[in-house]
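Accompanying notes for the structure given below.
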Amino acid sequence: MDKNIKIAGELTIGDWLRLKVSLESDLGKDTLWCEAYDFFEKRICTRYLKPIEAIEKYSDVEGEGFAITTIICSLIEALESFRLGKVYKRASKGNPLDETKEYFKSQPIFEDFLKNHEPFSAHFAVDGLANNFYENVRCAVLHEAATRSGWKIRIDTTVLVEKHNESLILNRALFVDAIKQYMCSYKAELLRSNELKQAFIKKLDSICETA
């Protein structure tokens, strides 16, 4: 393991390993966990949110919402896996999952995130909507560079997801805002939950191991 590899902005594997020793000796120390959260925040911001801001800065409203939505959709699974302390693994009969730290199916991870965490759950708890979004937005933009089944990506609506005639409209600006709100609430949850802390450590360790 190369301890000089950067995993969160300028923060390295070595930085994480040093902090981890202190975290495991005192799970309840908020100042240490604020430092740990910095790894998460800097990783997400430098690799996802800042690139989105760059796209928005030069936006001509000519379709760049598809790029922004694709970035967010690629991020959601990672956010949920931090809560679970799990990493994706393509399993087989000869190489089975260790379900304490690995998962194979992306769909339930993605849909659970939308249905169970604010501010997304206020919009996606409607029966079947998270599945609809997964299939016709997430999978469609990642694999086909398009949406399906009447989904549209816009910026001029007032709610995250809105039904209009036969279409469902995703407001891509509110989609980004919702991710930022989630990250703030996740920090508060992390500071008070030992279960989330243990999962966080497992996830960061796995990132370091495969970097």
**OP:** Can you work out which of the residues in region 179-209 that are polar (S, T, N, Q) and farther than 16 Å from LYS20 by Cβ is surrounded by the fewest Cβ atoms within 10 Å (Cβ to Cβ)?
**Re:** SER185
Original post:
For region 81-100, which residues satisfy the criterion of being over 13 Å from SER206 (Cα atoms) and in a helix (DSSP H, G or I)?
Top reply: ARG83
Subject >> Given (1) surrounded by 12 or more Cβ atoms within 10 Å (Cβ to Cβ); (2) under 21 Å from the mean Cα position of the chain (by Cα), number of the condition SER149 does not satisfy >> reply: (2)
Original post:
For region 142-201, how many residues are assigned to a loop (DSSP other than H, G, I, E, B), farther than 21 Å from VAL126 by Cβ and β-branched (Val, Ile, Thr)?
Top reply: 1
Subject >> Candidates VAL126, VAL159, VAL137 - the one that is loosely packed, with under 14 Cβ neighbours inside 10 Å, aliphatic (A, V, I, L, M) and modelled with pLDDT of 95 or more >> reply: VAL159
Original post:
Quick check: anything in region 102-113 surrounded by 19 or more Cβ atoms within 10 Å (Cβ to Cβ), free of Cβ contacts under 8 Å to residues at least 60 places away in the same chain, hydrophobic (A, V, I, L, M, F, W, C) and under 14 Å from ASN171 (Cα atoms)?
Top reply: no
Subject >> Considering residues of region 87-113 that are charged (D, E, K, R) and over 13 Å from the mean Cα position of the chain (by Cα) only, the residue farthest from ILE72 (Cα to Cα) >> reply: LYS93
Original post:
Is there a residue in region 117-140 that is of a type in the set (Val, Ile, Thr), closer than 28 Å to TRP16 by Cα and part of a loop (DSSP other than H, G, I, E, B)?
Top reply: no
Original post:
Inside region 114-123, can you point out the residues that are surrounded by 17 or more Cβ atoms within 10 Å (Cβ to Cβ) and more than 16 Å from the chain's Cα centre (by Cα)?
Top reply: HIS123
Subject >> Test: residue in region 98-116 that is at pLDDT 95 or above, acidic (Asp, Glu) and farther than 23 Å from CYS208 by Cα >> reply: yes
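Tell me, which helices (runs of 4 or more DSSP H) wholly within region 1-80 include 1 or more residues that are without any contact (Cβ under 8 Å) to a residue 24 or more places away in the chain, surrounded by fewer than 13 Cβ atoms within 10 Å (Cβ to Cβ) and basic (Lys, Arg)?
Answer list for region 1-80: 13-25, 50-57.
The values are calculated or read from the model by the stated rules, or taken from the named source; none is laboratory data. Since we're looking at a predicted model, the values are computed, not measured. All Cβ positions, even for glycine, are placed from backbone atoms using ideal geometry, and neighbour counts span all protein chains on display.
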